[in-house]
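Q: My structure is below; once you've seen it, I'll send some questions.
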Amino acid sequence: MNTLFDKIWDSHVVSIVEDGPTQLYIDRLYCHEVTSPQAFDGMRARGLKCFRPEKIFCMPDHNTPTHDQDKPIEDPVSKKQVDALSKNAAEFGLNHFGMMNEKNGIIHVVGPERGLSLPGMTIVCGDSHTSTHGAVGAVAFGIGTSEVEMVMASQCILQQKPKSMRINVNGTLKKGVTAKDIALYLMSQLSTSGATGYFVEYSGSAVKDLTMEGRLTLCNLSIEMGARGGFIAPDEKTFEYLKGREYAPKGEAWDKAVAYWKTLKSGDDAVFDKELNFKAEDIEPMVTYGTNPGMGCGISQNIPSIDTVDEAGKESYLKSLNYMGFKPGEKLLGKKVDYVFLGACTNGRIEDFRAFADLVKKSGKKKAEGVTAWLVPGSWLVDKQIREEGLDKELEAAGFAIRQPGCSACLAMNDDKIPAGKLSVSTSNRNFEGRQGPGARTVLASPLTAAAAAVTGVITDPRTLL
Amino acid sequence: MKQKFDIITSTCVPLPLENVDTDQIIPARFLKATTREEKFFGDNLFRDWRYNSDGSLNKNFVLNDPTYSGEVLVAGKNFGSGSSREHAAWAIAGYGFRVVVSSFFADIHKNNELNNFVLPVVVSEGFLAELFDSIKKDPKMQVKVDLPNQTITNLATGKSEKFDINGYKKHCLMNGLDDIDYLLTVKDKTEKYEEKAVKY
């Protein structure tokens, strides 16, 4: 009790259904083109208008090609879905940042960077990575399309209140270890279902020391431990990040908001349903070896042997390694890499591009022959920052090109698909079978580890190049 | 599909894999549909496990094995992890499953099943292991899923377990009602809430 999660959740309870869920008020609904069309259809079938259209923001990102966005989308099915969002947003009177709009990008990158996601809010989207917005101190979670329709129709959602968990990571991260590595480490310790049923508050000195971009990465991956969402209590870093952003409050409203946001923290007497502690020093750069994000290990470690897997899980474990073409007990270092993907709502922010460019520079190397590298900013704003800082020129000199913003190779819904059998080191969030394209093999890692793979052509410990 | 739910007695389709994620239930390339055609999604349920890369049927996959059929899918723990795509629930419903039995479900997918009148039944690991065993011994064995009494019975062994579901959702399933029907009746409460809430 008296956790920050309780405070935000409880302040949004409209009513509690008898012997049932809570009617929870939603401050912000984000819609992308994939999980919204059937919700709009449902609204039309019921003859409804959106209850609070001004609280709903729409933008295409999954189908967006990462090249030639000024031209019509070539894939007619993708085009139809992107066009449908534009038409639906116009019909229902919703905010819409279409392709080539300077505010467009991946919804989970755009929300925080435009100041649309604010501390204390409840935020939902038909997308499991909505947990990203928790980094600003909001209760943010992914929902299904029927639930999207609920929010459109009533600005509320019916949900059971999840249990609360606090994960403390204390200490100082070692050189070459990033927020992504913290998340992959937590998943490897908790498995992909270790936090199912919980809402996670991340705390501890290593979490507080993260930049806002790092916090967004950490919260983004909460769902990969099964958690409904994850968040970090807002602090000066949060306020500094949000101040002056387009949709953040201004002037007197800003001061009033900050005064309220400062109260948003778990009490000293807060009791969590579960509390876990980890040491930052135990974490090294992480890579995954299997087909779910919990199947990860330190880059210097070996893939666990089959004896470490319980009986009921052996069949799944072997199926997974068989798909990846890896053997239990072997090392990942030195494996040949075909593709490198920097981007996605996980690692498509300016700091990720800075980290990638920094390693490339320090290594003194150019892109390795035989590696196809896709560097995809999370939004046009990130693209602008990349160019202002001259990172594009630096990377181009080393043989890399910056593509246009979108979800890209994270989930194979646009042109950026990893071909069958090819191994990709990706900064995205999922290594499921076929996630990056049918038959594609994915190793999840940080931008630094991705950069190390890009310049060497094999899985390489980034610490050896920094 | 709003189909009223009561008691279902059926043979089972076993999928003893753990951590079956929604990308496997319905791969992303099938999410481009802009309508809710359950048949389309059902036809592509477990697409990349059901078909080989050349488009031929994968005879080793359980959905292609005529030995097994029924309205009940029995899966290993942590079913439906990953993406929030409701298309996964549409695919399961579209294929003709009305119940999914597992020892553990991912949260979002579980809600999505309920919102599509597919009943997720959480059983103990022991019950699940025995159920897989019973199906292996006799693919024609049946389970009885009794929503009014919240019980599932392995009719081969006679063993029964209680399962949880909140009273509201049970009422919805048994009467073919959904959450939007309910939410539209309480808009006055929402307006009252908005008057005193923090404004964003």
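Q: Just to confirm the filter: which GluC sites (Glu not before Pro) across the range A:241-286 are DSSP coil and have at most 16 other Cβ within 10 angstrom of their Cβ?
A: A:GLU246
Q: Could I ask something else about it? Per residue of A:128-137, how many C-beta atoms from partner chains lie within 10 Å of its own C-beta, taken as a mean?
A: For peptide A:128-137, the averaged partner shielding equals 1.
Q: Just to check, using Stokes-Einstein with a Kirkwood Rh over alpha carbon pairs, what's the diffusion coefficient of the range A:250-400 at 4 °C and 1.567 mPa s in µm²/s?
A: 65 µm²/s
Q: With every protein chain left in place, what is the accessible area per residue of the range A:285-464 in square angstrom, probe 1.4 Å?
A: Counting only protein heavy atoms, the per-residue value for the range A:285-464 is 33 Å².
Q: Quick one: which residues, 5 or more positions from A:GLN160 or on another chain, have an amide H under 5 Å from its amide H? H modelled 1.01 Å from N in the peptide plane, none for Pro or chain starts.
A: A:THR22
Q: To the nearest 10 square angstrom, how much accessible area does A:ASP269 have with a 1.4 angstrom probe?
A: Rounded to the nearest 10, the figure is 100 Å².
Q: Still on this structure, I have one more. If R₀ is 30 angstrom, what is the calculated FRET efficiency for the pair A:LYS161 and A:LYS256, using the beta carbon separation as r and rounding to 0.05?
A: 0.60
Q: Something else now. In 10 Å bins starting at zero, report the fraction of Cα pairs in the range A:353-422 per bin as a rounded %.
A: 19, 48, 30, 3
Q: Of the peptides A:390-396, A:289-295, how do they stack up when ordered by the mean number of other Cβ atoms within 10 Å, highest first?
A: Final packing ranking: A:289-295, A:390-396.
Q: Here's something else I'd like to know. If you project the alpha carbons of the range B:36-110 onto their three principal axes, what span does each projection cover, largest first, in Å?
A: 34, 27, 20
Q: Sticking with this one: Can you tell me which aspartates and glutamates have their Cα less than 12 Å from the Cα of A:LYS80? Leave out same-chain residues fewer than eight positions away.
A: In chain and number order, the partners are A:GLU33.
Q: Hey, another quick one. Would you please report the Å³ per residue occupied by the convex hull of the alpha carbon atoms in the range A:4-261?
A: 144 Å³
Q: What's the magnitude of the charge dipole for the range B:7-196 around its Cα centre, counting Lys and Arg as +1 and Asp and Glu as -1 at the beta-carbon? Answer in Debye, nearest 20.
A: Dipole magnitude for the range B:7-196 comes out near 260 debye.
Q: Here's a follow-up. Run lengths n ≥ 4 of DSSP H only: what is the helix-derived mean residue ellipticity at 222 nm for the protein assembly as shown, with -39500 (n - 2.57) per run over all residues, to the nearest 500?
A: After summing the helix terms and dividing by the residues of the protein assembly as shown, the value is -9000 deg cm²/dmol.
Q: Beyond 16 Å, what share of the Cα-Cα pairs of the range A:124-194 is found? Please give it as a whole percent.
A: Tail of P(r) above 16 Å: 64 percent of Cα pairs.
Q: Follow-up. Is there a pair in A:LYS55/B:LYS192; A:LYS174/A:LYS393; A:LYS161/A:LYS237 whose C-alpha atoms are over 21 Å apart, and which pairs would that be?
A: Going by Cα-Cα distance, A:LYS174/A:LYS393; A:LYS161/A:LYS237 fall outside the 21 Å limit.
Q: Within 10 Å of each Cβ in A:192-198, how many Cβ atoms from other chains are there, averaged over the peptide?
A: 5
Q: How fast does the range A:79-186 diffuse by Stokes-Einstein, in µm²/s, taking the Kirkwood radius from C-alpha pairs at 37 °C and 0.692 mPa s?
A: Reported coefficient: 200 µm²/s.
Q: Still on this structure, I have one more. Could you tell me the total accessible area buried at the B-A interface, probe 1.4 Å, in square angstrom to the nearest hundred?
A: Using a 1.4 Å probe, the pair buries roughly 5200 Å².
Q: Tell me, what is the per residue accessible area of the range B:7-196 in Å², probe radius 1.4 Å?
A: Counting only protein heavy atoms, the per-residue value for the range B:7-196 is 39 Å².
Q: Solvent-accessible area of B:GLU37, probe 1.4 Å, all protein chains present, reported in Å² to the nearest ten, please.
A: 100 Å²
Q: Express the relative contact order of chain A as a whole percentage, based on alpha carbon pairs under 8 Å and six or more residues apart in sequence.
A: Answer for chain A is 17 percent.
Q: What three numbers, in Å, describe the spread of the alpha carbons of the range B:45-88 along their principal axes, ordered from the longest?
A: 29, 25, 17
Q: So how do A:430-438, B:168-176, B:51-59, A:69-77 stack up, highest first, on mean other-Cβ count within 10 Å?
A: Ranked by mean Cβ neighbours within 10 Å, highest first: A:430-438, B:168-176, A:69-77, B:51-59.
Q: Between A:LEU276 and A:GLU311, what is the spin-label point distance in nm, taking each point 7 Å from the Cα along the Cα→C-beta axis?
A: 2.6 nm
Q: Using 23 Å as the Cα-Cα cut-off, could you pick out the over-long pairs in A:LYS103/A:LYS243; A:LYS367/A:LYS417; B:LYS140/B:LYS170; A:LYS250/B:LYS189?
A: The pairs that break the limit, which is 23 Å between Cα atoms, are B:LYS140/B:LYS170; A:LYS250/B:LYS189.
Q: Could you give the angle, 0 to 90 degrees to the nearest 10, between helix B:187-196's Cα long axis and the longest principal axis of the Cα atoms of chain B?
A: Between helix and principal axis, roughly 60 degrees.
Q: Over chain B, what relative contact order in percent results from Cα pairs under 8 Å that are six or more residues apart?
A: Rounded, it is 25 percent for chain B.
Q: At q = 0.07, 0.08, 0.10, 0.11 Å⁻¹, what log₁₀ I(q)/I(0) does a Debye calculation on the Cα points of the protein assembly as shown give, no solvent, two decimals?
A: Log10 I(q)/I(0), no solvent term: -0.42, -0.55, -0.90, -1.11.
Q: A follow-up question, please. Once the cut-off is 23 Å, how many percent of the Cα-Cα pairs in the range B:7-196 end up in the long-distance tail?
A: 45 percent
Q: Tell me the relative contact order for the range A:342-466 as a rounded percent, counting alpha carbon contacts under 8 Å between residues six or more apart.
A: 31 percent
Q: If I ignore ligands, DNA and RNA and count only protein heavy atoms, how much of A:ILE459 is accessible to a 1.4 Å probe, in Å² to the nearest 10?
A: The accessible area comes out at roughly 10 Å².
Q: Ranked highest first by average number of other Cβ atoms within 10 Å, how do A:301-308, A:402-409 line up?
A: Highest to lowest by the protection proxy: A:402-409, A:301-308.
Q: Which residue, A:THR449, A:ILE106, A:GLY364, has the largest displacement toward the positive end of the dipole of the protein assembly as shown when charges sit on each Cβ (Lys, Arg +1; Asp, Glu -1)?
A: Selected residue: A:GLY364.
Q: Same structure, new question: Just by accessible area at a 1.4 angstrom probe, what is the order of B:TRP90, A:TRP254, A:TRP380 from largest to smallest?
A: A:TRP380, A:TRP254, B:TRP90
Q: Rounded to a whole number, what % of the accessible area of the protein assembly as shown do carbon and sulfur atoms account for, probe 1.4 Å?
A: 51 percent
The values are calculated or read from the model by the stated rules, or taken from the named source; none is laboratory data. Treat the numbers as computed from the prediction; the structure is a model and nothing was measured. Neighbour counts are summed over all protein chains in view; Cβ atoms, including those assigned to glycine, are modelled from backbone coordinates with ideal geometry. These accessible areas exclude ligands, DNA and RNA; they are computed on the full protein's heavy atoms, side chains included. Shrake-Rupley method; radii C 1.70, N 1.55, O 1.52, S 1.80 Å.
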